[in-house]
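Each value in this text was obtained by applying a stated rule to the coordinates, not by laboratory testing. The structure displayed is predicted, hence computed values, not measured ones. Using ideal geometry, Cβ is built from the backbone for each residue, glycine included, and neighbour counts are taken over all protein chains shown.
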Number of protein chains: 2
Amino acid sequence: MGRRLSLWRRLRVALDLCSRPAMALRQAAARALGCRRSYCLRAQGQLSGDFLESLKAVLGSPNVSTALATREQHGRDESMHRCCPPDAVVWPQDVEQVSALAAMCYSQGIPIIPFGTGTGLEGGVGAVQGGVCFNLTRMDQILELNTEDFTVSVEPGVTHKALNSYLRDSGLWFPVDPGADASLCGMAATSASGTNAVRYGTMRHNVLNLQVVLPDGRVLYTAGKGHRPRKSAAGYHLTGLFVGSEGTLGLITQATLRLHGIPEATAAAVCAFPSVRAAVDSTVQVLQAGIPIARIEFLDEVMMGACNRYSGLHCTEMPTLFLEFHGSEHSLAEQVRLTGELVQLNGGSDFTWAQEQEVRSQLWAARHNAWYAALALRPGSQGYCTDVCVPISQLPKIVVETKRDLMETGLTGPMVGHVGDGNFHCILVHDPLDTDESRQVKAFAERLARRALALGGTCTGEHGVGLGKRQLLREELGDVALATMRQIKATLDPKNLMNPGKVL
Amino acid sequence: MGRRLSLWRRLRVALDLCSRPAMALRQAAARALGCRRSYCLRAQGQLSGDFLESLKAVLGSPNVSTALATREQHGRDESMHRCCPPDAVVWPQDVEQVSALAAMCYSQGIPIIPFGTGTGLEGGVGAVQGGVCFNLTRMDQILELNTEDFTVSVEPGVTHKALNSYLRDSGLWFPVDPGADASLCGMAATSASGTNAVRYGTMRHNVLNLQVVLPDGRVLYTAGKGHRPRKSAAGYHLTGLFVGSEGTLGLITQATLRLHGIPEATAAAVCAFPSVRAAVDSTVQVLQAGIPIARIEFLDEVMMGACNRYSGLHCTEMPTLFLEFHGSEHSLAEQVRLTGELVQLNGGSDFTWAQEQEVRSQLWAARHNAWYAALALRPGSQGYCTDVCVPISQLPKIVVETKRDLMETGLTGPMVGHVGDGNFHCILVHDPLDTDESRQVKAFAERLARRALALGGTCTGEHGVGLGKRQLLREELGDVALATMRQIKATLDPKNLMNPGKVL
């Protein structure tokens, strides 16, 4: 390990420059600094030829790769965290293979990094200590659908869009939607949520059981093999422990999920407000009135402008709410009427309606493409996405203070978020080669996170801790809670092989 | 310890006879077998005079008791599990005292048993290895109510009825209601649920943060001190781990809970059915239709008769559903209409309405007194309450098979349950002095639990594992999950002092 660490230190400068530029820039920088060759050397140093052969013996040669391009693709997610390529990438086809491979890594002390779609935002897949990346996307079967019980079991390669496409004719759907077409097991691993969480809950509320391969290869079912009751008091809540563990405790190889009935009627609306506070106050009042709103998303005027340009919308460039209502025709009418009254009290515009599926899809596609719309504000730029979540009463205060902070620093940080949960994001668009601006972005994000903590919130509502929020996690939870998490990690992963360097 | 265990074995026969008879019978049996004196000897063997003095130095003498009557009151819950009195009972007044006392027990290797209202049903408070019982009921402050955020923080002595009484004028309520007026922190410890869970979720869904005193006295906040966001992805889900840990990982000394808006309108109804299957099929169809029913409780004809007699109802003695609808006036009318249509398709009677608060209260009081109504079927009897939970599609099958089993064995076991969650109870009323009948009850309960496991369910939907379901837990979860739970227990409670002998 000593040699690897030393090599690692020497590579830091090179790797930092490989962090999140456009592909051409990254390749140019890598070539200039001999980065490619260093990767290769490192892989060969970490994994012996014999070990690679034993991987191939289990999976077949085409399912094991040490090619630099492949490793680079697996060394990063969609965040600004630097690319840390694994030493090899493997594509197991079933849980038996995952188990066998994990046991081999375990016996050799080689890190294991689970990989789904790579759409995370906190650097969760970077192989900071090298190791083998388990790409689980070829395990993509929908195993068992129980329409009477509203449950389904899926392998880790199934994405939420693929599942909902499969469910189309069943009258059911899976509502957790983080925007990107992430894999459902990856979403479980990061405790994802997204736009529908205000009504349908997050992954924590919608996972009934998980099949997990532990670092030593043993296979565990968090709620027992084949069990899927709606509730249970049977022992410690292992399902809850693995949801949000970010791959640091085991590899999730199957998830049993709770489904929901497709609502009889759906309507989406857009509403502009004279100020940020008016939009946020409206959100708070809608929730306090007990209106079962399905989605209530805030976009500030900068984000609204960016979405207009990127997604071809024609909305007023003012603080805006995107709303969606689900229910029977009767209930929908009542929800809309009550929400309309509250919005008008706060000076909001009349709703612009989108009832047809096509128009609604355009609206939500625009919302989900907010990340790319923000990046398009400065071509060639990099985005850093904050993720604080506060009690709803504190939302107006933190949003207004954060807007002021943006004004004062001059940073570009359009705001968008799941205000119904008290969760919002600033997408800080900056030049990755401008170290001064990058420092400013980091400092801004930390100020925002500490502002949230001071208001009783969290530094991460849904993206997880990954690489970037470990210090903030300590500030948020305190030493005893953090020590307890470390104890759990140490006992379930005594060799610290599961996605090392993340969360703790 | 050797002498204690040996003493213990000699006391087993006596203690088994002390399990759940009426007080007079228990006292007579205890006197006959010298049970009282044995308890005292045991307490004196376990705790030194110096240790008791040190407890008194922290709490004051009136808050430490070694009186037999007090210890007996704390040695059992409402289940049939034998009475295991602790060696002393203490009443701390604040978290600092809990912490100091825990640290003292930890340094001396003395077991710690948390105690709330003693209304559990799985023997969770029995001091099977002796030790100090921490009665937390004198910590009964409601600490912080945030009406805008729908959150409240409570100390462990606050019961759910006390909280709802306090909230009455706020427009908010806490819906989790296990029937008994349990303490909220105790409910968190056992992952309680009850009649409203079908709509509002269980304790798992309604706890945002916990203050926990670890066995060595350190104080932990599962989501960080003062934090209460609606959602979080900040590290391992410690809140979820402590909810349902049944006092085996730490003492819950504060809970921050999610509140809900009191619905604009509420209506309750009773409906009789020609068969068990018709009642259960109606339940399944109501849920599948997406009707947001607040309560849907099943009582078989035996239980209905028992409730009529015990609570002065006048319902037809047939398989029955008690239903409750929450919503706006509009939504209520729609829910009722749709439910009525489904019920009629299954041959159900017209609804008998209970719209006035008083009539509704009588109805739900009768439902919550079902336990006592069942016991009243055979005066002087003991009850054993099963607690299986299965996927809803399997409910008709398991209920019908279980009714047949009851018929064949000739046991009295009225059925009642939260069928909307797939969770139901048989209250097996039997003579505790009839060892043959007690054996039959135990065998029946195990057959029922295994029937649930075979159908993808759990042996415990809401009562927990406690003393009685440890073997079933192994069958349900499998060796790897159980080993993982044991590892977690061993690392967080290395001396096995927190409520030893429970769950695992």
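Quick notes on this structure:
- Measure of compaction for segment A:65-155 (Cα Rg per 2.2 N^0.38 Å): 1.22
- Here the label points at B:VAL480 and A:ASP431, each 7 Å from Cα along the C-beta direction, are separated by 5.2 nm in the simple model.
- Subtracting the Cα-Cα distance of B:TYR166 and B:HIS205 from 0.36 nm times their residue separation leaves 11.9 nm of extension gain.
- Summing Cβ point charges (Lys, Arg +1; Asp, Glu -1) relative to the Cα centre of segment A:251-407 gives a dipole of roughly 420 debye.
- Segment A:379-484, relative contact order [Cα under 8 Å, separation at least 6], %: 34
- Applying 1/(1 + (r/R0)^6) with r as the Cβ-Cβ distance of B:THR316 and A:GLN362 and R0 = 51 angstrom yields a FRET efficiency of 0.40.
- Prolate/oblate/rounded label for segment B:251-385 (Cα gyration tensor, a/c 1.5): oblate
- Helical contribution to [θ] at 222 nm, DSSP H n ≥ 4, -39,500 (n - 2.57), averaged over chain B, rounded to 500: -12500 deg cm²/dmol
- Relative contact order %, segment A:440-504, counting alpha carbon pairs below 8 Å whose residues are six or more apart: 32
- Restricting segment B:280-375 to GluC sites (Glu not before Pro) that sit in a DSSP loop and have at most 12 other Cβ atoms within 10 Å of their own Cβ leaves B:GLU356.
- Efficiency of FRET between B:MET407 and A:GLN141 - r from beta-carbon atoms, R0 56 angstrom, step 0.05: 0.85
- Counted by Cβ distance under 11 Å from A:ASN499, the other residues give a net charge of 0, where Lys and Arg count +1 and Asp and Glu count -1.
- One compactness figure for the protein assembly as shown is 0.95, namely its Cα radius of gyration divided by 2.2 N^0.38 Å.
- Exposure proxy for A:CYS426, A:CYS105: other Cβ atoms within 10 Å of each Cβ, ordered fewest to most, give A:CYS105, A:CYS426.
- Mean silhouette area of segment B:69-122, derived from the convex hull of its C-alpha atoms and averaged over all directions, reads 4.1 nm².
- Nearest beta carbon of chain A to the A-to-B rotation axis, with distance in whole angstrom: A:GLY240, 1.
- Shortest-first distances to equivalent copies, position A:THR409, nm, label 7 Å out along Cβ: 6.6
- Cα-derived Rg to Rh of segment B:141-184, Kirkwood definition: 0.93
- Across A:LYS225/B:LYS397; A:LYS489/B:LYS225; A:LYS469/B:LYS489; B:LYS442/B:LYS502; A:LYS469/A:LYS495; A:LYS489/B:LYS495, pairs whose alpha-carbon gap is larger than 25 Å: A:LYS469/B:LYS489
- Relative contact order [Cα under 8 Å, 6+ residues apart], chain A, whole percent: 14
- Size of segment B:136-280 as Cα extents on the principal axes (Å, biggest first): 57, 34, 34
- Given +1 at the Cβ of Lys and Arg, -1 at the Cβ of Asp and Glu and no other charges, the dipole of segment B:43-173 around its Cα centre is 440 debye to the nearest 20.
- q = 0.11 Å⁻¹: log10 I(q)/I(0) that the Debye formula gives for segment B:214-292, counting C-alpha atoms only: -0.61
- Remark: the Cα gyration tensor places segment B:387-504 in the oblate category, a/c being 1.5 or greater and a/b not exceeding b/c.
- Simple Cβ-charge dipole of segment A:52-109, Lys/Arg +1 and Asp/Glu -1, about Cα centre, in debye nearest 20: 160
- Sequence of A:ASP87, A:ASP405 once ranked by neighbouring C-beta atoms within 10 Å, starting from the fewest: A:ASP405, A:ASP87
- The overall shape of segment A:165-249 is prolate: from the C-alpha gyration tensor, with semi-axes ordered a ≥ b ≥ c, the ratio a/c is 1.5 or greater and a/b exceeds b/c.
- For chain A, projected area of the alpha-carbon convex hull averaged over all directions, nm²: 23.0
- Relative intensity of segment B:366-452 on a log10 scale, I(q)/I(0) at q = 0.10, 0.14, 0.25 Å⁻¹, equals -0.23, -0.46, -1.30, per a Debye sum over C-alpha point scatterers of equal strength in the absence of solvent.
- A dipole drawn for the protein assembly as shown from +1 and -1 charges on Cβ atoms has a positive end, and of A:THR256, B:PRO494, B:ASN164 the residue lying farthest that way is B:PRO494.
- Over segment B:279-357, the hull volume per residue, using the convex hull of the C-alpha atoms, is 92 Å³.
- Approximate spin-label separation A:GLN487-B:GLN108, in nm, with each point projected 7 Å along Cα-to-Cβ: 2.2
- Remark: B:LYS403, B:LYS56 ranked as B:LYS56, B:LYS403, counting other beta-carbon atoms within 10 Å and listing the fewest first.
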